[in-house]
1. What is the dipole size for the range 1-143, taken about its Cα centre, with +1 at each Lys and Arg Cβ and -1 at each Asp and Glu Cβ, in debye to the nearest 20?
2. Could you work out what % of the accessible surface of the range 20-74 is carbon and sulfur, using a 1.4 angstrom probe and leaving DNA, RNA and ligands out of the count?
3. Looking at this model, which pairs from 71/139; 100/129; 100/139; 96/128; 100/128 are more than 19 angstrom apart at the alpha-carbon?
4. Cα-based Rg of the range 9-157 per 2.2 N^0.38 Å, rounded to two decimals?
5. Could you tell me the calculated FRET efficiency between residue 22 and residue 165, based on Cβ-Cβ distance and R0 = 30 angstrom, to the nearest 0.05?
6. Got a number for the accessible area of residue 45? Probe 1.4 Å, square angstrom, nearest 10.
Amino acid sequence: MGGSVVVKVKAKDLLKLNFVPALFILTTVISLWLIKADIWTFLLRSFSSISVIYFLICSTPVVDLDYIFEKMRFPKIFREMFLLIYRYIFLLFENKERLKNAQEVRLGYSSFKNGMKSFPMLVVAILKKTYYYNLNSIKAVESRLGKEFIFSHRKYKKIGFETIFVIIIVAINLYLVVK
């Protein structure tokens, strides 16, 4: 089967998502080991927090998260920044995939030497594309005289099961991190 029933994300993809935070957590474990701190509690809290956040991200559309932030009375600028950062993360990954595919077609990674030449070009191209998208976002805000936000927000008539579920997940995560 290879995937989760609730989140509909493959286990392989979830392991990839956990790889980068796991590196940071394991480097922290080394420091904790040196000062003889409680490593198991740290590992349990860290990986449970990451699991909860990934479950939330993989199961809830970002527009619904924005709606919840609105109901929790988060400032509009925070919500707008959250949506922009979320958008830019996906732009980065999309650009990376497109540019890397173009390099692979041109045999940019056919050998170690070619890979060492291609990787810096990939990073520079990704940053240039992201800068281009950033300039266009700034122009979009300036064209509205800076008075309106970029994203249109979803309107709901009543609080549904999903909203209550997300609030509970966030509350559990905050409890685990603070405790």
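1. Values: 20 positive and 10 negative charges, 79 e Å.
I would put it at about 380 debye.
2. That fraction is 74 percent.
3. In this structure, 71/139; 100/139 lie more than 19 Å apart at Cα.
4. 1.37
5. 0.70
6. Roughly 90 Å² of residue 45 is accessible to a 1.4 Å probe.
The values are calculated or read from the model by the stated rules, or taken from the named source; none is laboratory data. The model shown is predicted, which means the values in this text are computed figures rather than measured ones. Counting neighbours? That spans all protein chains shown, and the Cβs are built from the backbone with ideal geometry, glycine included. Just the protein is used for accessible areas: all its heavy atoms, side chains included, with ligands, DNA and RNA removed. Shrake-Rupley method; radii C 1.70, N 1.55, O 1.52, S 1.80 Å.
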